[in-house]
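Only one structure is covered here, and it is reproduced in the block below.
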Amino acid sequence: MQSFGDVMIAAACSLELEFPDAATAKRIAKALELENEGYVEVKVDGSSLQVMIESENLMSLRNTVDDFLACATVALKTLEGAV
């Protein structure tokens, strides 16, 4: 956690990513499993992913969100190219 005097600051972000169908959502979640370990919690909910990211500070949170979204984009483009 980041501190400012006696105040400790942590950061969290929740995302909902919607996909064309449940099968795609499951495939994306599976593709990101190893990448997310210890940093990101992902739950499949029908055709969407519920994503929770927590970090010790805002910069780390921003970097983790950016990395997660980049990896999800690559996974989706890979799936689209494979179909």
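The values are calculated or read from the model by the stated rules, or taken from the named source; none is laboratory data. Please read all numbers here as calculations on a predicted model, not as lab measurements. Counting neighbours? That spans all protein chains shown, and the Cβs are built from the backbone with ideal geometry, glycine included.
Could you list all residues from the range 10-38 that are part of a strand (DSSP E or B) and more than 14 Å from V65 (Cα to Cα)?
Kept after step one, since they are part of a strand (DSSP E or B), are these residues of the range 10-38: 11-18.
Listed by number, the list holds a single entry, E18.
Out of all the residues in the range 31-49, which are within 13 Å of A75 (Cα to Cα) and among the charged types (D, E, K, R)? Residues satisfying the conditions are E33, E35. Where the second residue is modelled with pLDDT of 95 or more and of a type in the set (K, R) and the first is more than 15 Å from Q50 (Cβ to Cβ) and lies in the range 17-38, which pairs have Cβ atoms under 6 Å and are six or more apart or on separate chains? Close Cβ pairs (under 6 Å, with a partner that is modelled with pLDDT of 95 or more and of a type in the set (K, R)) do not exist here. Cβ-Cβ distances below 6 Å connect the following pairs, each with a first residue in the range 43-58 that is within 15 Å of E18 (Cα to Cα), a second residue that is assigned to a loop (DSSP other than H, G, I, E, B), and a separation of six or more residues or different chains: S47/F19; S47/D21.
So, in the range 59-81, exactly how many residues are under 13 Å from F19 (Cα atoms) and of a type in the set (F, W, Y)? Show your work before the answer.
Taking the range 59-81 as the starting set, the residues that turn out to be under 13 Å from F19 (Cα atoms) are 72-73, 75-77, 79-80.
Subset that is of a type in the set (F, W, Y): none.
Number satisfying all stated conditions: 0.
Restricted to the range 44-83, and to residues there that are in contact with a strand residue (DSSP E or B) (Cβ under 7 Å, 6 or more places away or on another chain) and assigned to a helix (DSSP H, G or I), the residue that is surrounded by the fewest Cβ atoms within 10 Å (Cβ to Cβ) is L58.
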